[in-house]
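Beneath this line is the structure, given in structure tokens, with notes to follow.
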Amino acid sequence: MVGFDEVVSVFDILMVEDEKELAKLLKIYIERANYTFQLVTSGEEALDFLKNNTVKMLLLDITLPNLDGFVVCREVRRMGSIPILIISARVSKEDQLNGFRLGADDYLEKPVDPDLLVAKINSLFTRVYGVHIEKEILYSGNLMIDKSARKVYKEKTLVELNAKEYELLLIMVENSGKTLDKDFLFYKIWGVDSFSENQTLTVHINMLRNKIEENPKKPLRIKTVWGIGYRYEEL
């Protein structure tokens, strides 16, 4: 039981999935869509979590250890009216009808396409809550970027960035996987009328690497694309 003086956490999405590699992949796509996310691996954990936290949507596997997903679906529906999206390899007509009878809002077949899953999540959020709320939080591995506060956290610890470092990191994260030309980055951050030189970009890239890379001399996030510019990679 949560006391009145305890903090109750609020999450957009709780996923109940015991396939950890699948959950890890889907987490990347879900957090990239700016939803807060929590994973549990059993039905018992899910029910305990829901008793002590606020969740706006449940992503639920059916084949779980001990307590199966249908039982969880029934119990969650008794607890409230949060949207339930079942993701399962069990897709017979009987299983799907059973899921809907127990209160599921939608049913997706495994292996699930991550983009389709995010589209379903967006649709459910819009239908249930009226709008899909665009958040000002970006996640990239162990980095969290709070756009409204212009702050960056690594493993929940504040990373001290100057204004240009922050803007540089933000534009690279928002264009993750794309090679960005040096001139594009320079003019985007410093402007066409800047008296700075392109070498300023190199200096700021190095400073940024020193703050967010595990090994700045062998960067895994900010990659140099020789002769062109830089590319940000998700970890």
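For region 120-149, taking the residues that are over 12 Å from the mean Cα position of the chain (by Cα) and of a type in the set (S, T, N, Q), the one that is modelled with the lowest pLDDT is identified as Ser148.
Close contacts from region 155-180, counting a first residue that is assigned by TED's automatic domain parsing to the domain that holds Ile212 and without any contact (Cβ under 8 Å) to a residue 24 or more places away in the chain and a second that is part of a helix (DSSP H, G or I) and exposed (fewer than 13 other Cβ atoms within 10 Å of the Cβ), with Cβ to Cβ under 8 Å and a gap of 6+ residues or different chains, come to none at all.
Highlighted here are the helices (runs of 4 or more DSSP H) found entirely within region 14-101 that include at least 3 residues which are more than 30 Å from Asn175 (Cβ to Cβ): 43-52, 69-79, 93-101. When Glu234 is tested against (1) part of a loop (DSSP other than H, G, I, E, B); (2) more than 22 Å from Ile137 (Cα to Cα); (3) among the acidic types (Asp, Glu), just one condition goes unmet, and that condition is (2). Out of curiosity, is Met15 within 28 Å of Lys147 (Cβ to Cβ) and touching a residue at least 60 places away in the same chain (Cβ under 8 Å)? In short, no.
Restricting region 88-106 to residues that are in contact with a Phe, Trp or Tyr (Cβ under 8 Å, 6 or more places away or on another chain) and within 20 Å of Pro65 (Cα to Cα) leaves a set whose member that is surrounded by the fewest Cβ atoms within 10 Å (Cβ to Cβ) is Val91.
The values are calculated or read from the model by the stated rules, or taken from the named source; none is laboratory data. Keep in mind it's a predicted model, so treat the numbers as computed, not measured. Counting neighbours? That spans all protein chains shown, and the Cβs are built from the backbone with ideal geometry, glycine included.
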